[in-house]
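This report concerns only the one structure given below.
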Amino acid sequence: DSQANMGLALGIAVVFIFIVLASQFESVVHPFTIMLSLPLAIVGAFLGLAVTRQAVSIGSLIGIILLMGLVTKNAILLVDGALQHMRDDGDTPEDAIRKAGPRRLRPILMTSAAMILGMLPTALGRGMGSEFRAPMAIAVIGGLITSTLLTLVVVPVVYTLIDDLENFFKKKRART
């Protein structure tokens with residue numbers, strides 16, 4: 001029952017993240033680009049649990065829900081930076097994401113490193129309650145490591161692909 005409820009909470013979290021992103025970017029397309037980093041984080045969370053031989057528990061599922069908010073932040077920084085370059089400098093999407101990547105790399109790495117280092121004592125702790133908190137911290141650490149690395153590669157690629165698709169459909173509509 002508890003795991004089914006956590007699955008429901010996970011689904012609701014994804015829906016709310018999408019709604020907030022859609023309202024923030026005033027678009028339905030860019031939230032999909034940003035939310036692509038969520039599966040990358042979940043894979044890392046499960047890998048972290050597997051490497052440390054921790055079972056999937058309520059604590060680890062709570063960590064995955066926490067991870068969703070943290071991971072979207074990295075993608076938001078990249079996409080928002082690219083949109084800012086397109087709006088302010090008139091750059092093409094490819095040039096904008098090329099400029100946004102190096103400019104936003106340091107904030108992404110610093111916030112991810114701070115969160116990972118902040119979770120390390122909880123992940124390594126052996127005191128009372130550590131059997132609940134350690135899997136949560138391990139899931140967050142594993143998810144942040146993989147999503148930070150993969151987001152820096154995957155989100156820019158998907159951003160340009162989605163822009164290419166938008167341009168393709170605009171041209172197709174213009175012809176008809």
In region 39-55, the residues that are touching a residue at least 40 places away in the same chain (Cβ under 8 Å) and either more than 22 Å from Thr122 (Cα to Cα) or open to solvent by 40 Å² or more (accessible area, probe 1.4 Å) (or both): Leu40, Ile42, Val43, Phe46, Leu47, Val51, Thr52, Gln54, Ala55
Exclusive hit being open to solvent by 60 Å² or more (accessible area, probe 1.4 Å) and either within 19 Å of Leu36 (Cβ to Cβ) or among the β-branched types (Val, Ile, Thr) (or both), set Leu144, Leu165: Leu165
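Among Leu49, Leu61, which is the only one that is modelled with pLDDT of 90 or more, under 14 Å from Ile141 (Cα atoms) and more than 12 Å from the chain's Cα centre (by Cα)? I'd like the intermediate steps shown before the answer.
Values: Leu61 fails: modelled with pLDDT of 90 or more.
Sole residue among the options that is modelled with pLDDT of 90 or more, under 14 Å from Ile141 (Cα atoms) and more than 12 Å from the chain's Cα centre (by Cα): Leu49.
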Tally of residues being under 20 Å from the mean Cα position of the chain (by Cα), open to solvent by less than 60 Å² (accessible area, probe 1.4 Å) and of a type outside the set (Gly, Ala, Ser) across region 87-110: 4
Search result, residues across region 122-141 that are open to solvent by less than 40 Å² (accessible area, probe 1.4 Å) and either among the small types (Gly, Ala, Ser) or at pLDDT below 85 (or both): Ala123, Gly125, Gly129, Ser130, Ala134, Ala137, Ala139
Val14, sole failed condition from (1) in contact (Cβ under 8 Å) with a residue 40 or more places away in the chain; (2) within 21 Å of Ala123 (Cα to Cα): (2)
Pairs where the first residue, in region 113-126, is more than 10 Å from Ile141 (Cα to Cα) and the second is assigned to a helix (DSSP H, G or I) and open to solvent by 50 Å² or more (accessible area, probe 1.4 Å), C-beta under 6 Å, 6+ apart: Thr122/Arg133
Qualifying residue in region 103-114 (condition: touching a helix residue (DSSP H, G or I) at 6+ places or on another chain (Cβ under 7 Å), in a helix (DSSP H, G or I), farther than 21 Å from Gly44 by Cα and at pLDDT 90 or above): yes
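For the subset of region 127-176 comprising residues that are outside any helix (DSSP H, G or I) and not hydroxyl-bearing (Ser, Thr, Tyr), which member is nearest to His85 (Cα to Cα)? Full working, then the answer.
Just the residues of region 127-176 that are outside any helix (DSSP H, G or I), to begin with: 127-129, 176.
Filter once more, keeping what is not hydroxyl-bearing (Ser, Thr, Tyr): 127-129.
Numbers: Gly127: 49, Met128: 50, Gly129: 47 Å.
The selected residue is Gly129.
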Condition broken by Leu66, with the remaining ones in (1) more than 17 Å from Thr33 (Cα to Cα); (2) surrounded by fewer than 20 Cβ atoms within 10 Å (Cβ to Cβ); (3) free of Cβ contacts under 8 Å to residues at least 40 places away in the same chain satisfied: (3)
Single match in Leu150, Leu83 (criterion: crowded, with 18+ Cβ neighbours inside 10 Å and farther than 16 Å from Ser37 by Cβ): Leu83
Selection status of Lys73, open to solvent by 60 Å² or more (accessible area, probe 1.4 Å) and under 12 Å from the mean Cα position of the chain (by Cα): yes
Any hit, region 87-98, residues being touching a helix residue (DSSP H, G or I) at 6+ places or on another chain (Cβ under 7 Å), assigned to a helix (DSSP H, G or I), among the hydrophobic types (A, V, I, L, M, F, W, C) and without any contact (Cβ under 8 Å) to a residue 24 or more places away in the chain: yes
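The values are calculated or read from the model by the stated rules, or taken from the named source; none is laboratory data. In this text the structure is predicted, and so the values were computed from the model without any measurement. Cβ coordinates were reconstructed from backbone atoms using ideal geometry, including for glycine residues, and neighbour counts include every protein chain displayed. The area values use the complete protein model at the heavy-atom level, side chains included, leaving out ligands, DNA and RNA. Shrake-Rupley method; radii C 1.70, N 1.55, O 1.52, S 1.80 Å.
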